[in-house]
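All remarks here apply to the structure that follows.
Since every read-out is calculated from the coordinates, none of them should be taken as a lab result. Given the structure is predicted, the values throughout are model-derived calculations rather than measurements. All Cβ positions, even for glycine, are placed from backbone atoms using ideal geometry, and neighbour counts span all protein chains on display.
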Amino acid sequence: MRRLKTGALGLAALLATATFVTAQEEGVTDDEIVIGNVLPMTSSAALVGRAAHFGSVIAAREANANGGVNGRQVTIRTEDDGYVPARTVQGLRKLMDEGLFGLIGTGAGAGTAAILPILEEEGIPAIVSFSPLQAAVDPIKPSVFMLGASYQDLLYAQLKYIHDNDSPESPKYGVIRQDDDFGNQVEEAFHRAVDEFGADTAEPIRYKRGQKDFGAEILRTRSEGVNVLVAGGVTTEIPAMLKEASKFKLDLRIATVPTSTLPPIMQLSAPFGYDYYSGDYISPRGSEGSQHFEDMAKAHLNEEEQGALNRYAITGYIATSIMIEAIRRCGDEPTRACAVEQMESGEAFDTHGITLPLDFAPDRHISATAVRVLQVDPEAGSLTPVTEFTEY
Amino acid sequence: MDLFLNLVASGLVIGSIYGIIAIAFAIIFKTTGVLNFAQGEVMMLVAYTSWSLATSLALPFWLLVPVTILAAALIGVVIEFVFIRPMSGQPVFSIVMVTIGLAITLRSLIIMIWGPDAAPFDASVEGGLIEIGPVVLFTEQLFALLLFCAVSAAVYLFFRFTRIGIAMRATAMDETSALLMGVDVRRISSLAWAIAAVVSGLAGVAFAVMFARAPDMWFQGLQSFPAAILGGLDSPLGSGAGGLIIGVIAALSEGYIGHGLKEISGFIVIIIVLMIRPYGLFGEKELERV
Amino acid sequence: MRTRHFVETYEKHVSLSHNPVTWSWALVLVLALAQLPMVASSYVLSLATTVGIAAIGAIGLNILTGSTGLISLGQAGFLASGCYTTGLLIADYNWPPELALLMAGVVPALLSLLVGVPSLRLKGLYLAITTMAFSFIVTHFLLYAEGITHGPYGVRVEDLNFLGLDLATTRGLYTLVLVTAILVTLMALNILRTRVGRAFTAIRDHDIAARVMGISLVRYKLVAFMVSSFFVGIAGGLMAFQFRFINVDIFNVLLSIEALAMVIVGGLGSVAGAIMGAVFIVLLPEATREALDLLPTGVNNMLSTYIYEIRGLLTGLTIIIMLRIKPQGLVGLWRDVQRYWTQWPLSK
């Protein structure tokens, strides 16, 4: 009797899990279009992730204030990946489950690499905009686009400028780089430059991500007699290196990645009396080119949110605006395939002065690769372009 | 030679921070048998609080130190009362897990209150360089070294000569006997946490002054584990010495060998040492009754 | 109303369960889990997969820490070695995924002998930190030995045909993880009820007495490490299939601590506890997210800037509260519920 009861129970459980399949939204409903971000909102890269998130929010709100996209409102959904590639994958899956049309924030470096297969498989339009990754556009994936010059180009441009215009008497080049894929790109830029110049070099020095104390690294740099240094830190490592260098009053020409222009980093670097170089593919904040962005930021964000903005907000803003415009060009029934087609059509997208008008082509899914070298004076808080936008 | 001395100095500076935090570990472990996984986070909390006090009240440095000590003691006592006291009587391992939960909680709490950005710690010692022969140090780096010496001396004197210090040693050796001798064991536990918070908090302030007040300072606590183990968890001075050793070895290995050995050289060393002396260089062998 | 469980033969005492009802319910559970792919969305399935992998790892850790009493903070190292073994064998050496997964268990097991040797001399927290040191060294090696491990570039796993299952689909992977989890659970339960399992418990409770009774500490401690690492390595191998792109970033000490939290919150020494702990820890962030979504929008917006920190906060607090009110863990809670149920209406 008991066996019969348990058997019936099992059967009931089986039947209870009746099967039906739920259809998946593609991120478009009658009144909204969903654009997603997977960004590091926590962890050491939070500075970057939060800014990129708010940048896309500004673009969306701007579009919505102007009547939306052919009658639909743009919604931004952001997932946190905490700078961990595995969570970038999870975040993307969650967004896909909830309905996603296109993706702007693609996680940092290794995170982007992790989700590329999924983007390809599902044909999700994506614009990689805040952490350049060569593999995203080489070979070309049908729906993946990229904005911005690689770290390689950014650093090479600076080293070339230093070599041509600000070279010390007997230059010796050195690099301090992180021990991950970002650090690899930094070192590649270093090798590209020194091979071209035939310059005297010291061996690249590696440090572990998250390291604070650069005493030993700078001491080695000093003992090698390096006077042109690629300070390959992500954020707070840069001021830490400058601090140790200032101890010995080392005379250095310093090349850095764009994060060195973030206000908190400049603030931390100010006391040490060093000017350094940086590079970027967008107009810096406070310049004429970014005026429109600043106006939109004030109009659509509150005080606290505005405080989180930096250059990464600008790149998020441009990428989102481009995607929104591509969707708009598709008319009343936007599909992913159409949006992709519009993007690679070759018709230019206007970025309101932040960069020159950007365009893509079926065989070129990357844009905004022209770099401008900047001279940074952290104490005065100023960013001065010293070259024009140039391709490297 | 110049490189060597500077590397050693650099190692001693960061080693001082590790060493002070390791002393904090050892104090709590020695007195209560608990390894406080949240020591790095407590240090961070004290450093942040100190920063807030310094910036909002514009305190000069000589006033900031005693205020920090008070704040740290308070924080230590409160944390012990809220999180650890309710667990008394439970197996030590559970309490250790509570400290792990505490660590997770404090990390999030600090970001929620103070935000995720790094900021410089402004109330610093008069800036400037100090040159001792070929070795060049910032004033705040020398301060870290001096702090280490002061803390080590204070801890040694406290445990050796004061009544309370002796009472703490008694509790560590045998809690029941201590109770029978009239020692209030609960107060001892509170005191241990308060001292540990003060000690590691000062290290945290020194660290923040040297680098920045940032929400990933807790990682230094993690790096101090090898130091405490190397010296021996139940020997505060040994742990301190362990910190210095780890700091110097890390700096020398990075300076001469490279390959990012800085971080793991400490770990390699402790494995080797523990094989020879399983209770650390200065620790006491645990006697088990069968 | 039952008064107690009385067993009459030795066979029944040792069996996993002598009660056919338990087996039927277990079968119902398995069937329900097997049906999950048909009702659940892709995200829920991938979450369930994560829970399954975490459970396998937790069962492994439980054998080491819960049953044998050897505290280990080095799980991340074993997970990493299992994960990389599978990934590299498939990507670089073209091994079939089935064998690669098996090796994902074997390699960490051999590696654990290296860790196990110090364990013979070290006790308690000293051992814990040593395992943590090994974990750091393993991840450091994986990052720097670029020739073998691709260093920071990571490894992409392409070929995912496992005995006919396509692991690229969430459904295929879920099925594999479910089957593996069931197998591992049965293996663990079996090990723990044999001589070896009893030796483990003896070592945990009082190792000198165990030695006196003739249990070789050297042998059984090393076996504990190997068995535990085998399971943890398998979990790592499954992670390689799940993420399809591996790099060292995820394998940090926080992961080891999370693994330990699973075992402790679930209940030390119990396989069921390990599984429950894994479910709890993995689902806690999701649950808090849902709970926060229920709050009125005004409050939600205010909290939204720090939503990630709130989730962390709640995780930490939950662990602390769990340990305070129920130190035996979730399995203790379950047993309390069982006892209340069977003793009703006379339960306290």
Exercise. How high is the FRET efficiency between A:I140 and A:T390 when r is their beta carbon distance and R₀ equals 25 Å, given to the nearest 0.05?
Worked result: 0.55
Exercise. Trypsin sites (Lys or Arg not before Pro), restricted to the stretch C:177-217: which are DSSP loop and have at most 14 other Cβ atoms within 10 Å?
Worked result: C:R193
For this session: Could you check which residue among C:G197, C:G312, C:G82 shows the biggest mean-square fluctuation in a GNM of chain C with a 10 Å Cα cutoff?
Result: C:G312
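At 25 °C and a viscosity of 0.890 mPa s, what translational diffusion coefficient does Stokes-Einstein give for chain A, taking Rh as the Kirkwood radius over Cα pairs? Give it in µm²/s as a whole number. Mind dumping the intermediate values first?
Numbers: Rh = 22.2 Å.
Here the translational diffusion coefficient equals 110 µm²/s.
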For this session: Would you list, by chain and number, the lysines whose Cα falls below 28 Å from the Cα of B:K285, excluding same-chain residues fewer than 8 positions away?
Result: B:K30, C:K123, C:K221
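Using DSSP, restrict attention to beta bridges with both residues in the protein assembly as shown and report what percent are antiparallel, rounded to the nearest 5. List each step's numbers first, then the result.
Values: 23 of 55 bridges.
Bridges in the protein assembly as shown are about 40 percent antiparallel.
Helix-only mean residue ellipticity at 222 nm, chain A, DSSP H runs n ≥ 4 weighted -39,500 (n - 2.57), per residue, nearest 500. What is it?
Details: 13 runs with 163 residues, N = 392.
For chain A, the value works out to -13000 deg cm²/dmol.
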Exercise. Who wins for biggest fluctuation among B:I264, B:I132, B:I272 in a Gaussian network model of chain B, springs between alpha carbons below 10 Å?
Worked result: B:I132
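Compute and list, largest first, the equivalent-ellipsoid semi-axes of the stretch A:44-188 from the alpha carbon gyration tensor, each √(5λ) rounded to a whole angstrom.
Equivalent ellipsoid of the stretch A:44-188: 34, 18, 14 Å, largest first.
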Problem set entry | Mean shadow area of the protein assembly as shown over all directions, Cα convex hull, nm² | 43.8
For this session: Work out which helices of chain A, taken as complete DSSP H runs, extend at least 15 Å along their axis over the Cα atoms and score a mean Kyte-Doolittle of 0.5 or more, then list them.
Result: A:2-16, A:46-65, A:110-122, A:311-328
Problem set entry | Solvent-free Debye scattering, log10 I(q)/I(0), computed from the Cα coordinates of the stretch B:1-152 at q = 0.17 Å⁻¹ | -1.12
Exercise. Which of these, C:W25, C:W334, C:W95, has the largest mean-square fluctuation under a Gaussian network model of chain C (Cα springs below 10 Å)?
Worked result: C:W25
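Given R₀ = 51 Å, FRET efficiency for A:Q306-C:N161 by Cβ-Cβ distance, to 0.05?
Values: r = 51 Å, r/R0 = 1.01.
Efficiency for this residue pair is about 0.50.
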Exercise. If you find the alpha carbon centre of the stretch C:60-105 and of the stretch A:307-342, how far apart are they in angstrom?
Worked result: 42
Exercise. Taking every pair of alpha-carbon atoms in the stretch C:16-253, what share in percent sits in each 5 Å bin, from 0 to the bin with the longest distance?
Worked result: 1, 7, 14, 17, 17, 15, 13, 9, 5, 2, 0, 0
Problem set entry | Span from the the stretch C:145-174 Cα centroid across to the the stretch B:230-290 one, whole angstrom | 38
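Using R₀ = 56 Å, calculate the FRET efficiency as 1/(1 + (r/R₀)^6) where r is the Cβ-Cβ separation of B:L180 and A:A202; round to 0.05. It would help to have the intermediate numbers written out before the result.
Working: r = 66 Å, r/R0 = 1.18.
Step by step, r from the Cβ atoms, then E = 0.25.
Give the percent of DSSP beta bridges with both residues in chain A that are antiparallel, rounded to the nearest 5.
Percent antiparallel among DSSP bridges in chain A is about 30.
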Exercise. Longest exposed-loop-site-free stretch of chain B, with trypsin sites (Lys or Arg not before Pro), DSSP loop and at most 12 other Cβ within 10 Å?
Worked result: B:1-284
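Using a 10 Å cut-off around each Cβ, can you sort A:T369, A:T320, C:T9, A:T351 from fewest to most neighbouring Cβ atoms? Intermediate results must be reported in sequence, preceding the final value.
On the way: A:T369 20, A:T320 28, C:T9 9, A:T351 25.
So the residues, fewest neighbours to most, are C:T9, A:T369, A:T351, A:T320.
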For this session: Indicate the helices, whole DSSP H runs only, in chain C that combine a mean Kyte-Doolittle hydropathy of -1.0 or more with a Cα extent along their long axis of 27 angstrom or more.
Result: C:20-39, C:42-61, C:97-119, C:124-144, C:170-192, C:217-243, C:271-294
Seminar exercise, completed: Total charge of the residues flanking C:T49 in space, meaning their Cβ is under 11 Å from its Cβ, with Lys and Arg +1 and Asp and Glu -1, is +2
Problem set entry | For the stretch A:29-48 versus the stretch A:77-116, the gap between their alpha-carbon centres in whole angstrom | 8
Exercise. Taking a label point 7 Å from the Cα of C:K326 along the Cα→Cβ vector, which residues of the stretch B:73-102 have an amide N closer than 14 Å to it?
Worked result: none
Problem set entry | Orphan Cys of the protein assembly as shown, criterion: no other Cys C-beta under 4.7 Å | B:C149, C:C83
